[in-house]
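Below is one structure, written out as structure tokens, with a few remarks after it.
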Amino acid sequence: MAKRSKKAFYVTTPIYYVNDVPHIGHAYTTIIADALNRFKKLLGNEVFFLTGTDEHGQKVERAATEKGLKPIELADQVVGRFKDLWKALNISYDFFIRTTEPFHEKSVQKIFQKLKNKGDIYKGIYKGWYCVSDENFLAEDVPLEEGGYKICPDCGKRADVVSEECYFFKLSAYQKPLLDFYAQNPTFVRPPSRMNEVISFARQGLKDLSITRTSVEWGIPVPDDADHTIYVWFDALHNYLTGIGYDWNMELFEKFWPATVHLIGKDILRFHAIFWPAFLMAAELPLPQTVFGHGWWLKDQTKMSKSKGNVLDPHIILKTFGADPLRYFLLREVPIGLDGNFSHEGFVHRVNSDLANDLGNLVQRTLIMIQNFFSGKIEETDKEEKGDKEIRLEFERLKEKVLNFYENYALSRALEEIWTYIKSVNKYLAVNEPWKLSKDQSKRKRLGRILYQAEAALRAISYLLFPVIPGSSEKIWNFLGEEKPIEEELFSELKFDNLKLGQEIKKPDPLFPRIALKDFLKEEETQPSPARKEEKMEYINFDEFKRMDLRVGEVLEAEKVEGTEKLIKLEVDIGTEKRTMVAGVADVYSAEELVGKKLVVIVNLKPAIIRGIESQGMLLAAEVEGKATIPFFDKDVLTGAKVR
Ligand SMILES: [Zn+2]
């Protein structure tokens with residue numbers, strides 16, 4: 001294989017699952033990738049930035065069926081949504097891979113075959129916990145309940161142990177090679193805490209991995225054994241190869257592989273830091289340089305999730321602020337290895353103070369003074385005095401620091417340093433008071449010098465900010481009358497006095513209008529985003545309803561749970577058996593009055609331990625101002641009758 005060029009830089013995001021709605025977490029990974037990609041381009045690297053979608057699997061198949069669509073039609077819709085978001089966020093990816101592309105499917109099959117021929121993939125019997133109603137094996141890490149069984153996390157039903165024929169990847173054979181590899185490449189996983197996590201997991205022993213299913217139709221068929229489809233992770237991870245031409249554009253592939261960095265959320269670290277390098281070792285391909293596991297964004301200190309209804313829809317922020325404030329906030333607020341907290345207050349404060357006040361004001365007043373005092377063109381200056389020189393020298397130091405921070409994924413530190421500099425330049429103007437000098441004709445060259453320093457600093461600042469806020473940087477560059485695009489100036493050629501005297505500036509538009517917090521909150525409340533609409537009313541389909549086993553239950557015994565205010569323990573006849581349940585109704589009903597009553601019980605709810613008592617089901621009640629009202633049957637109905 002040809003050697004990868006030293007100047008090649010290949011960055012990837014995970015491919016996003018098409019059963020998801022694009023949210024701030026997807027945006028975060030992709031923005032980091034974009035900033036790194038743009039930075040490397042400035043350094044003169046040849047870059048390739050890959051993102052895309054993971055489109056196979058049972059969840060997609062099922063979601064499509066519910067919407068009356070074919071899986072590929074659902075995928076097409078969601079792909080459109082992701083692409084729209086990347087456009088709105090000014091993401092400069094080079095290729096968008098979809099795992100349903102024929103070239104991807106073919107390559108995955110080829111690799112599968114190769115590994116099978118070598119003996120790294122073999123046929124065996126998979127024994128696992130299986131949910132009959134979802135027709136799906138539970139993930140291995142679903143914990144055992146106390147009774148020694150597992151509960152399906154998707155539907156809450158009890159799972160059974162089932163065996164089926166499947167293909168395994170011989171992960172156990174790669175334990176030692178992986179541990180050796182980690183030892184020789186201590187920065188393979190970043191940040192270092194995550195490297196340790198991976199090593200200790202691998203040390204505990206690696207079991208062979210089941211990589212096919214017979215129960216999933218929407219997937220890549222196993223070559224010569226089409227009853228089996230390749231399970232999603234084996235399929236998905238190979239996108240990093242096929243997206244760069246593996247097997248269909250080997251010239252491109254050889255130029256960029258191995259990847260410089262796979263950016264991922266910390267929740268999928270194991271797949272990328274253990275399975276993926278093992279697959280690559282088996283395929284005899286070079287391993288990626290770095291897997292970077294970034295933190296999560298919390299909303300008001302809690303993890304965002306669809307069920308909590310606190311998923312942040314980036315479109316609302318984009319509509320009010322545009323791309324750059326969001327890009328800036330996400331990259332500035334926390335180092336990318338840690339969790340960040342998104343609050344509206346924090347966001348608005350940072351945008352107003354850093355972008356509108358510090359940077360926006362510097363741009364406005366510098367350019368307006370040049371406009372007013374020099375008709376837009378500084379043609380002469382006096383020599384640098386001490387303070388002027390300091391502005392230039394501080395920039396030289398800044399440039400080195402920023403280079404180092406960007407290179408080491410410390411984007412927030414880079415931004416911090418750039419802002420220190422912006423503040424210095426603002427202070428420089430405040431101290432030198434050019435607006436006073438403008439009244440004295442004999443100080444004209446001095447005035448020219450001061451405004452030139454500020455203008456040159458602005459040019460340099462906008463250049464350094466380009467990876468993070470490309471749209472605004474380009475605007476500033478354009479106000480300054482620069483003709484070539486920022487990307488055409490190499491980082492190594494960037495100098496303070498690249499700004500030529502006599503260059504005519506343009507009248508600046510406001511860059512970052514200040515937004516009041518209350519207007520932003522109002523906007524969010526009135527904006528019906530696709531994500532929100534779904535959260536308001538989450539419909540279930542009839543099949544899901546049918547899964548609920550609701551029956552008429554008769555209360556045989558009831559007693560108050562000692563030491564509690566509200567709990568009553570009930571023995572309920574559900575027709576086929578007697579169940580123990582715990583209900584929080586003692587503030588309204590006495591134990592005695594419940595005995596003999598018939599009510600509605602959900603029978604197949606996952607049992608829960610309440611005050612040491614296993615509650616095997618739940619009775620239904622209306623809740624009015626925190627108090628329960630139980631609907632009793634007034635006619636005599638058969639105990640155990642189904643409620644529909
Ligand atoms: Zn299930």
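In whole Å, what are the extents of segment 2-48 along the principal axes defined by its C-alpha atoms, from largest to smallest?
Here the Cα extents, ordered largest to smallest, are 37, 24, 8 Å.
Over all directions, what mean area does the Cα convex hull of segment 65-123 project, stated in square nanometres?
Average of the hull's projected areas for segment 65-123 equals 6.5 nm².
Which stretch or stretches of segment 215-229 have amide N atoms under 19 Å from the point lying 7 Å from Thr65's Cα along the Cα→Cβ direction?
So the set is 215-221, 227-229.
Out of every Cα-Cα pair in segment 154-202, what percent are more than 18 Å apart?
For segment 154-202, the fraction of Cα-Cα distances above 18 Å is 53 percent.
Given H placed 1.01 Å from N in the peptide plane, which residues other than close sequence neighbours of Glu385 have an amide H under 5 Å from its amide H?
none
Considering only DSSP states other than H, G, I, E and B, which GluC sites (Glu not before Pro) in segment 537-586 qualify as loop sites with at most 16 other Cβ atoms within 10 Å?
Listed in order of number, the matching sites are Glu538, Glu562, Glu565, Glu577.
Can you give the Kirkwood hydrodynamic radius for segment 48-187, in Å, rounded to one decimal and based on Cα pairs?
Roughly 18.9 Å, rounded to one decimal.
Going toward the positive end of the dipole of the chain, with +1 on Lys and Arg Cβ and -1 on Asp and Glu Cβ, which of Ala63, Asn408, Ala75 do you reach last?
It is Asn408.
Taking a spot 7 Å from the Cα of Glu416 along the direction of its beta carbon, which residues of segment 177-213 have an amide N less than 19 Å from it?
Residues passing the 19 Å test: 191-193.
Pop out the ³J(HN,Hα) list for segment 72-83 in order, Karplus 6.51 cos²θ - 1.76 cosθ + 1.60 with θ = phi - 60°, rounded to Hz; leave Gly and Pro as x.
My calculation for segment 72-83 gives 5, 5, 4, 4, 4, 4, 5, 4, x, 5, 5, 5 Hz in order.
Just for the Cα atoms in segment 290-400, what are the lengths along the principal axes, largest first, rounded to whole Å?
64, 34, 22
Provide the FRET efficiency to the nearest 0.05 for the Asn404-Ser353 pair, computing r from the beta carbons and using R0 = 25 Å.
According to the calculation, E is roughly 0.45.
Once label points are set 7 Å from the Cα along Cα→Cβ at both Gln301 and Asp84, what is their separation, rounded to one decimal in nm?
3.6
Run the numbers for Lys176 and Ile609: contour at 0.36 nm per residue of separation, minus the present Cα-Cα distance, in nm.
Additional length available on full extension: 151.6 nm.
Spelling out what I want: for every residue of segment 274-280, take phi, set θ = phi - 60°, compute 6.51 cos²θ - 1.76 cosθ + 1.60 (Karplus), and round to whole Hz; glycine and proline get x.
Values per residue, Gly and Pro as x: 10, 5, 4, x, 5, 4, 5 Hz.
List the trypsin sites (Lys or Arg not before Pro) within segment 32-129 that DSSP assigns to loop and that have no more than 14 neighbouring Cβ atoms inside 10 Å.
Passing both the DSSP loop test and the Cβ count: Lys67.
Residue by residue through segment 63-68, which ³J(HN,Hα) values in whole Hz follow from phi under the Karplus form 6.51 cos²θ - 1.76 cosθ + 1.60 (θ = phi - 60°), with glycine and proline marked x?
Once rounded to whole Hz, the list reads 4, 5, 4, 4, 8, x.
Tell me the mean residue ellipticity at 222 nm calculated for the chain from its helices only (DSSP H runs of n ≥ 4, each -39500 (n - 2.57), averaged over every residue, nearest 500).
Taken over the chain, the calculation gives -12000 deg cm²/dmol.
Going by Cβ distance under 4.7 Å, what cysteines of the chain have no possible disulfide partner?
Among the cysteines of the chain, those whose Cβ sits 4.7 Å or more from every other are Cys155, Cys166.
State log₁₀ I(q)/I(0) for segment 365-494 at q = 0.12, 0.17, 0.19 Å⁻¹ as given by the Debye formula over alpha-carbon point scatterers of equal weight, solvent excluded.
-0.48, -0.92, -1.11
Is there a quick way to get the dipole size of the chain? I mean about its Cα centre, with the Cβ of Lys and Arg at +1 and of Asp and Glu at -1; what is the value in debye to the nearest 20?
Roughly 1920 debye for the chain.
Given H placed 1.01 Å from N in the peptide plane, which residues other than close sequence neighbours of Ser615 have an amide H under 5 Å from its amide H?
Close amide H contacts, sequence-distant or interchain: Ala608, Ile609, Ile610.
Direction-averaged shadow area of the convex hull around the Cα atoms of segment 152-267, nm²?
Mean projected area of the Cα convex hull: 10.2 nm².
Please give, to one decimal in nm, the separation of the simple spin-label points placed at Ser5 and Glu559, each 7 Å out from Cα toward the Cβ.
8.1
Let me check I have the definition right: for segment 577-644, take the eigenvalues of the Cα gyration tensor, multiply each by 5, take square roots. What are those semi-axes in whole Å, largest first?
Computed over segment 577-644, the values are 18, 17, 12 Å.
Using the structure shown, list the pairs from Lys560/Lys597; Lys59/Lys606; Lys41/Lys106 with a Cα-Cα distance above 24 Å, or answer none.
Table pairs above 24 Å Cα-Cα are Lys41/Lys106.
Quote the FRET efficiency, to the nearest 0.05, computed for Gln184 versus Lys427 with a Förster distance R0 of 45 Å and r equal to the Cβ-Cβ distance.
0.40
Any chance you could run the full-extension gain for Glu493 through Arg392? It's 0.36 nm times the residue separation minus the Cα-Cα distance, nm to one decimal.
Once the chain is fully extended between Glu493 and Arg392, it gains 34.8 nm.
Averaging sequence separations of C-alpha pairs under 8 Å and six or more residues apart, then dividing by the length of the chain, give the relative contact order as a whole percent.
12
GluC sites (Glu not before Pro) within segment 200-284: which are DSSP loop residues with at most 16 other Cβ atoms inside 10 Å?
Passing both the DSSP loop test and the Cβ count: Glu217, Glu284.
So, R0 is 51 Å and r is the distance between the beta-carbons of Glu345 and Asp224; what FRET efficiency does that work out to, to 0.05?
Efficiency, rounded to the nearest 0.05: 0.30.
What distance in nm separates the two pseudo spin-label positions at Phe632 and Asn117, each 7 Å out from Cα along the beta-carbon direction?
The two pseudo-label positions are separated by 7.6 nm.
Mark the label point 7 Å from the Cα of Phe542 along Cα→Cβ and return the residues of segment 29-67 whose backbone N is within less than 15 Å of it.
66-67
Would you mind telling me the antiparallel percentage of the DSSP bridges in the chain, rounded to 5?
In the chain, approximately 70 percent of DSSP beta bridges are antiparallel ones.
Can you sort Asp509, Asp120 by how many other beta carbons sit within 10 Å, fewest first?
Asp509, Asp120
How big is the shadow of the Cα convex hull of the chain, averaged over all directions, in nm²?
Result: a mean projected hull area of 35.6 nm².
For Ile220, list long-range residues whose amide hydrogen, built 1.01 Å from N in the peptide plane, is under 5 Å from its own amide hydrogen.
Hits under the 5 Å cutoff: Ile230.
Only the coordinates and a few stated rules stand behind these numbers; no lab work does. Given the structure is predicted, the values throughout are model-derived calculations rather than measurements. Note: ideal-geometry Cβ built from the backbone for every residue, glycine included; neighbour counts use all protein chains shown.
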